[in-house]
Structure formats: C-alpha cells, structure tokens
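Read through the structure below, which is laid out as structure tokens, and then see the notes.
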Amino acid sequence: MTKHKSNQKLNTVNEIIDKGVSRNVLQLRTEDYAYNGRTVHVQGQELINFGSCSYLGLEMDERLKRGAIDAIQRYGIQFSSSRSYISNTLYTEWEALLEEMFDAHVLTSTSVSLGHHSVIPVVVQPGDLIIQDQQVHASVQDAVSKMKSQGVDVQIVRHNKIEDLEKKIIENRKVYNRIWYMIDGVYSMYGDFAPMKEIVELLDRYPNFHLYADDAHGMSIAGKNGTGVILSQVDFHPKMILATSLCKAYGAGGGAFFFKDSALYQKVKNCGGGFIFSGGHQIPVIGAAIESAKIHLSGEIYERQNKLKERLKYCHYLLKDVYDLPVVSNVESPIIYIGLGLVRVGYNMVQRVINDGCYVNLGVFPAVPETCTGLRFTITLHHTMEDIEKLCEILAYHFPLALKDEERTLSDVYRAFKHVPHFQLDKKPVPLVSQPKNGYQVIHKESIADIDETVWNSLMSKQVTLNWAGLRLLERTFSSNAALENNWDFHYLILNDSDGKSVAATFFTLAIVKDDMLSASGVSNQIEELRKTDNYYLCSKTLVMGSLLTEGNHLYIDRNRTDWKAALSTLLDHTWEIQEKTDANAVWLRDFHAEDDELTDYFMDQGFLKVDLPDTNIIYGLQTTPFESYYETVPAKRRKYLKNGVYKHHDAFTMRLIEKYTESELDRWYELYSQVKNASFELNSFAQPKKLFREMLRDPNFEVMEYSITTDEVKDLVVGITFSHVNEKHYNGIMLGLDYDYLKSHDLYKQVLYRTRKRAEEIGCEKIYLGFTASDVKQKFGAIGIPQVSMIQMKDHYNLSVLNLFSETGATQNSRGERIYVNVR
C-alpha cells in the first residue's frame, strides 16, 4: 500500500491526542450546572481552574451578563444576515468604543482564526514576502499556508531572533514589494513576549518592512485602555496591523483587527471573506462586549491589571524562590510553563495535579518540541492568593515524584530547556555518567575494533545487513574526508546485566543528514534547487541508529526479559548523553516493524515521533524456492510480466564478477550510480563518496557484479553495477548503478533483480535484502514488503518548521507569471 507522506504530521498529531485522551488529560468536559469562574467540576471532582484564559475575570462580571441579557431582550439571539449587506445595530456602539480604545480603525470577526483568513489574503499581495516567527500561532500559520498557492513567498525566522530577521530583510528588501513579519505579542505556550522595541526600530529603518501582530493573549492585561502587551511597549506603528482576541481577558467573544491606514481598512472590509460571506456575532456576545469596552475605557481596567500583576509576581516568587521549579515563562505573563521534558512525565504530572484538586494543561507536541513537554497553567483574577499557594505547593510536591515514577531526572529538563528564553533552574542537574544503572552496565566504544568480533556478530550479525567487518569498512570509508557529510562518528553500545549477559545492543552514526530525507519526492526536488547554492541547506547533525547504508533491525533487545523496558531506558539515557556531548539536533531510531505497537508506544512515551518509512523488501527461502520454482507458482499475469522482463532481453546481457578493476571502470560505475541517485528523491541523502566503492571492491565480503549489454548499436557496453555484502547466508544489496538509456528499452532493472536473485541462490544464500524503494518491481520478483517505521526526536524544530512549508505546496508562479520554487529559507 502506498504511504502518503503528506499525512505524516496529521497522523502523528492524531496519535498524540488519542494518547492524551486515553490518559484523561485532553478533551475533557466540565460537569457544572453553573460556573463561578474559580472552579470547575470534571469527572465528579471539583477543581480549581488554572486553565482559563479569562485573565481579568470579566466573563463572570455582572455588567457583561446584564449587557448580554439586555441585548437578547431587545434584538433576540442572532441577526442572520451577511455583513456585506447589513449589520446589527449594536455594532455601531461596540466598534466606536473599540476605535476609541485603540485610536485606530477596527474590523470585528466572529473568531480570530477566521479573521486571519479574511485579513491576510487582502493585505498580502503577490510580490510580497511573508516572514513568520517560528512560534507564531497556528491560526496565523494556517492562513499563511493558503497564500503560497497565490504566489506569495514565505520564509521562517527563528523565534524572536531579531538579528536573523534583519538579515532576511536586507537580503530581500529589493526583491519584494513588501516584507511582512508575522508574530504573536504573547506566545501561547511559554508565555514569552515579542521584542517590540527592536521590531519597531526595523519598521522605522526599512520602508517596505511591515508588521502583522496577533496579541490575543496580551489583550486587556496591559496597556492604555487595556489595549494589550504590544501597545504597552510601543505606539501603534502606521505599518502595523494588530489582531487581538476578545474572548480571553476581554471576557466576551470574537476577534478584532486594527488598522492605522484607512484605505487598507476599507479594502479589507470590502474584500475580506469573513466580512462579506459570513454572518455576524451572536447578539449576546456584542451586548457583553460593549460593557467590557466601557470597563476598558475606565480607570477600573488599571486596577484589574495591577491585581493580576500582584498574583503573577507572587506565583513566580513561589515557583522560583521558594520551590525552585523549572519555570520557562516570562514573569509578566499570565501563562506559566513548568518544564518537564519527556511526554510521559507530562502525562504523569498533569494527572497528579488534577487528582490533587487543580485543573492544569499539558503542553505537548506539536505546540512544543517533543522533548519540551511541560505543565501549562494560567493565573486569573478569580484565583485567590491561597489558590496560588495551593497550586505551587502541589507542583513542588508532585514534581520530584513524577520524575521518580518515570525514572527521569532534572537532567531531562535541563537538556530540553536550557536554550529556551526565561528558563530558570538553580538546581544543578546531576550529569549523566556511564555508571551502572538498575544493575546494568553500558559498554560504549567509538570503534568496532574495540569490540570483540565474535561478541558483536553473535548479537547483531543476523539482524543487520553489515557485520563486524562491514562496519569496520564503514569506519575506514567515512573518516578523513574533505566533504563534511562524508565524515561520520561511530558509537557502539552494549548493555550487560549484573551477570555480564548482554541484554541490549545497537550502534549509532553521527552524520550530517538532509532533513527532507523522508519527505515526499516533490518536496526534496524543491529543496535540492536551493542546495545548488547552499549545499547544507536544511541539514542537521543527526545521531542515527545504524547507518544510512545499513538495513535490518538495528536494535538488539532481549524482550523475553520482564525488565526489557528498564534496559531500553538505560540505553536511551546513554544515547541522550551522546547527543548532548556531540550537540546533535536529532536522534533517529530505525527501523522497527510498523505493527510492533508495544515498542513504538514505548518510544512515543519517551518523546519520540513515529515516522513511516517505505517498506523494506526481502526475498526469503532462496534455497527452498529458487526462482524457477517461484516462477511456476505465480499467477499467469505475473508470470507474463517476468517472462517479458527477464527472458526477452536475457541473451543481450553478460554478467561479470569483479576481481580487478581500472580507474576508468570505477569512473563508469560511479557514473551509473549517480544516474540512480539523481533519478529519485524518495529517500533523499547525500551522494556516497567514491572512496566507498574502492573499499567495497577490496573487501572479500562484498560481491561486485558488472552488467554489460550487446545490441546492434553497441558491444559489451557496461550498463549496470551492483555492490552486495554477503553475511550469514544473507545477500545484502548495498549500492546500485544503472544506465537509464537502457532502463525501459531493455528492462535493465528487472534484469539486474533477476540475476541478483540467481547469484544469491547460486552461492547458497537464504534471503536477500533489496532495500526500500521500487517496491512494486521487487515484489514481483518474490520480495515481501515489510512495513517499517522510525522514531525521531529533535531538540530544535526550526528546520522542521521550514520543511513543513515545502510540504504544503509545490512549485508555483511569482507575480510576473514565472514558474519558481517557493522561497522558504
């Protein structure tokens, strides 16, 4: 079955949410007959609600309630008409009050998300460039993703990195009409603020630089008239469009978009989809919103802001100075994030806090990187100081217990959050060391030469395509090379129990890997265009289980033992230690059977994301079912396919086992390999160095087979080459080269598959590893497709964010109608 790589993120998110639901921390419902603002009832338990974004407590204010009721009494529940024709009477008063608050033109929308989809397509035009902050809200990113199909280029900048932003402005200011920077005022997970003063300096410095800001979480809690965190730091810049939410601290509902440019305001009002095709707000929402605006225009708003600041200051004092918990948030933000590290610690901690009487949220991928799971909670004016004291005491009590339950330490938290702004942790985490843990001893070597050949082969040789000698060949090949991508570091791990018995083993290579390696071919095709000028664009230092040249089960684990998960946990701890020491951005564990739910669920609980791989293709039973027997048993349609593919041009080919070679022959073989490498991006990796070919040619465990063709036009033309490793009666295809001029006309690939199978049978091999791609052809020659998955964990999601932009679109046209590749650097 074909795997659609574009659905990978969706499937991953679906699995994560399902796990959260099964652990009673996501998609919960309250059971209250009436709300009081401070508590909610969930699953029969009364909880202090630390999950509300109504920071100023206005949603329970009697004036807002009376405003909603009065509006219903006068106008009913709704006014059902398109706003492009006619709007409810109450809009006149409400929008006048909002314009008085902000001193700007306003458009109100039924939600901020709908508003983004209405405003952005009007204000951003073909010929403009969008630069979005890496962590800008998903609703903005979703609206931006639709712009690429209109020929608008999109780039991403690392979160709050002003120097990177300015560099992009300078690079692009003469290329695009306008450059739009899209940000949040207060970011919704870690609660950190946008650096507005520095951004305004750029607005003043560069004439075609514009700002689109979403201050949803900043509304009401700061600024003159409660206009938000952004306007509490800077004046409303004429080149800024400000979006905000009216259903958080404002206490009513919907969103509002503010403009200094009257012409642009009118254009959005006339052309924005949500303002002309959809209905207006529900009547009670507008009634409540009018009363909230009146409060914002009175001195009461500052009293509420100050009361919230007192609570925030006290909460941070308790968390940091009294309990020294790993706080990640800005002290002025009502969003507070406690770093926990692994997702299973997050599930444990959130459930503990809920069970102890406080409702809090789980911060989990994709909202945060998979290793940056945390406990997220909010402070509102409904909370008393005693409520805050209770929560902080509960957090301090359960934090070490949750870590202990999951056999984790502060090292996880430090490793995950040490580069995050506002991260605070005075306690020095105990460094990971190679000491016995849970009775296990990890043997870690950086060369296979330091491990006994018999020991290693007894553990790994039958399940990986390269044995001890093959790994020695890789070490020789991928060292002391000029190209960065051709230098790998090797890490071999064996885990022994207290009796000295090996219970787990694996090996890793540290290499520069293309981040799009597992992406759809069309995505890699776009990125390779950009790599013509930047060879390492979207590449990361990655710790790969196994290597990019091996297949099979790279993890040996004795799962007959009842403690195998504890053993695997110890092995992972050491892997993370290697990651820290080598500063690898990602850990990639591969390859696991797609139906091994127990193992993949375990890795997901450690913060890894599951990624589908193409099927790996293996032919079994070569000695019991040689090709001739297989041929006679297959259906007539396949038999015809094999007959035409193999026997029609069989006599035109000759095959030679290479024992000696010349440099010119090696050049030809490498050219054939390059044709295959450049023909497909299904598994996109760097080209292998010619040095690898020389090493394989000199190694007695490799067979190198050359294929030549004779036709009316050519005689003995070399058109194919295969490099295969023979190990434990396994024939392992490592490298392939083909002349594509003869691929279809003479069924060259089918001829190579047939003769490779025959050769493996001839020398007594029992199975062949044929690799990941071209599964449909390989399976017609008897291969069985084994569904595989890998598990990936990243420290920094910047490259992944950029890669997602490629995944959302293909080639497009610019404003001049020229076909281009989307610019998402």
Proximal lysines to Lys309, defined as alpha-carbon separation beneath 23 angstrom and excluding residues fewer than eight positions away on the same chain: Lys197, Lys224, Lys248, Lys294, Lys320, Lys390
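Tell me, what is a quarter of the convex hull surface for the C-alpha atoms of the stretch 570-643, in nm² with one decimal?
The Cα convex hull of the stretch 570-643, projected and averaged over all directions, gives 8.6 nm².
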Per-residue HN-Hα couplings for the stretch 314-323 [Karplus 6.51, -1.76, 1.60; θ = phi - 60°; Hz; x = Gly/Pro]: 5, 4, 5, 4, 5, 5, 8, 7, 8, 10
Please give the contour-minus-distance gain from Ala679 to Val455: 0.36 nm per residue of separation, less the Cα-Cα distance, rounded to one decimal in nm. 76.6 nm
Would you kindly compute the Cα radius of gyration of the stretch 274-366 and its largest Cα-Cα separation (Dmax), both in Å? 19.0, 54
Per residue of the stretch 481-497, in order, report the coupling 6.51 cos²θ - 1.76 cosθ + 1.60 (Karplus, θ = phi - 60°) as ³J(HN,Hα) in whole Hz, putting x for Gly and Pro. 9, 6, 7, 4, 6, 9, 10, 10, 9, 10, 9, 10, 10, 10, 10, 10, 7
Using a 1.4 angstrom probe, figure out how much accessible area the chain has per residue, in square angstrom, rounded to the nearest whole. 41
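Lys and Arg at +1, Asp and Glu at -1: add these up for the other residues within a Cβ distance under 13 Å of Asp450 and post the number.
Cβ neighbours under 13 Å give a net charge of -2.
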At Arg66 and Gln623, where each label point lies 7 Å from the Cα along Cα→Cβ, what is the point-to-point distance in nanometres? 9.3
Expected unfolding gain across Glu93-Lys9 under the 0.36 nm per residue rule, minus the alpha-carbon gap, is 25.8 nm
Contour minus Cα-Cα distance for Ser149 and Val21 (0.36 nm per residue): 42.6 nm
Given the pairs Lys660/Lys690; Lys729/Lys758; Lys744/Lys778; Lys19/Lys610; Lys418/Lys565; Lys581/Lys795, which are separated by over 21 angstrom at their Cα positions? Lys418/Lys565
Computed on Cα atoms only, the convex hull of the chain has an orientation-averaged projected area in nm² of 39.9
The chain, accessible surface, carbon-and-sulfur percent (1.4 angstrom probe): 49
Can you list residues from other chains, or at least 5 along the same chain, whose modelled amide H is less than 5 Å from the amide H of Glu370? Met794
Once you put a point 7 Å from the Cα of Leu202 and another 7 Å from the Cα of Val634, both along the Cβ direction, what distance in nm separates them? 5.8
Take the alpha carbon atoms of the stretch 59-126, find their radius of gyration, then divide it by 2.2 N^0.38 Å using N residues; give the quotient. 1.35
What is the sum of charges around Asp214, taking Lys and Arg as +1, Asp and Glu as -1, for the other residues whose C-beta is under 15 Å from the C-beta of Asp214? -4
Listed by chain and number, the residues whose amide H is under 5 Å from that of Met735, excluding neighbours fewer than 5 places away on the same chain and using placed H, are Phe723
Note: the stretch 694-795, point scatterers on Cα, Debye, no solvent; log10 I/I(0) at q = 0.12, 0.21, 0.23 Å⁻¹ equals -0.47, -1.17, -1.29
Hey, rough spin-label estimate for Ala566 and Glu303, points 7 angstrom out along Cα→Cβ, what's it come to in nanometres? 6.0
From the P(r) of the stretch 18-110, could you give the percentage of C-alpha pairs in the tail past 23 Å? 50
Two-decimal Rg to Rh for the stretch 616-675 - Kirkwood Rh, Cα set: 1.11
Using r as the Cβ-Cβ distance of Ile162 and Glu310, and R0 as 22 Å, what FRET efficiency do you calculate, to the nearest 0.05? 0.10
Determine ³J(HN,Hα), in whole Hz, for all residues of the stretch 74-79 in sequence, where each value follows from phi through the Karplus function 6.51 cos²θ - 1.76 cosθ + 1.60 and θ = phi - 60°; x replaces Gly and Pro. 8, 10, x, 7, 8, 10
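Can you sort His491, His649 by 1.4 Å-probe accessible area, starting with the largest?
His649, His491
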The answer for Gly771, listing residues at least 5 apart or on another chain whose modeled amide H is closer than 5 Å to its amide H, is Asn617
List the lysines whose Cα sits under 23 Å from the Cα of Lys148, skipping any in the same chain fewer than 8 residues away. Lys5, Lys9, Lys167, Lys168, Lys174, Lys239, Lys267, Lys269, Lys532
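Once the cut-off is 19 Å, how many percent of the Cα-Cα pairs in the stretch 59-212 end up in the long-distance tail?
Value for the stretch 59-212 (Cα pairs over 19 Å): 64 percent.
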Which whole-number value in Å³ per residue fits the convex hull of the alpha carbons of the stretch 473-539? 122
Cα convex hull of the stretch 472-628: mean projected area in nm², to one decimal? 13.4
Determine the calculated [θ] at 222 nm for the chain from helices alone, applying -39500 (n - 2.57) to every DSSP H run no shorter than 4 residues and normalising by the residue count; nearest 500 deg cm²/dmol. -11500 deg cm²/dmol
Rule-of-thumb Rg ratio for the stretch 164-318 [Cα; 2.2 N^0.38 Å; N residues]: 1.16
Counting GluC sites (Glu not before Pro) as exposed when in a DSSP loop with at most 11 other beta carbons within 10 Å, what is the longest stretch of the chain free of them? 1-594
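The values are calculated or read from the model by the stated rules, or taken from the named source; none is laboratory data. This structure is a prediction, so every number in the text was calculated from the model and none was measured. No Cβ is skipped: glycine too gets one built from the backbone with ideal geometry, and neighbour counts run over all protein chains shown. Ligands, DNA and RNA are stripped out before the accessible areas are found, and what is left, the full protein with its side chains, is counted by its heavy atoms. Shrake-Rupley method; radii C 1.70, N 1.55, O 1.52, S 1.80 Å.
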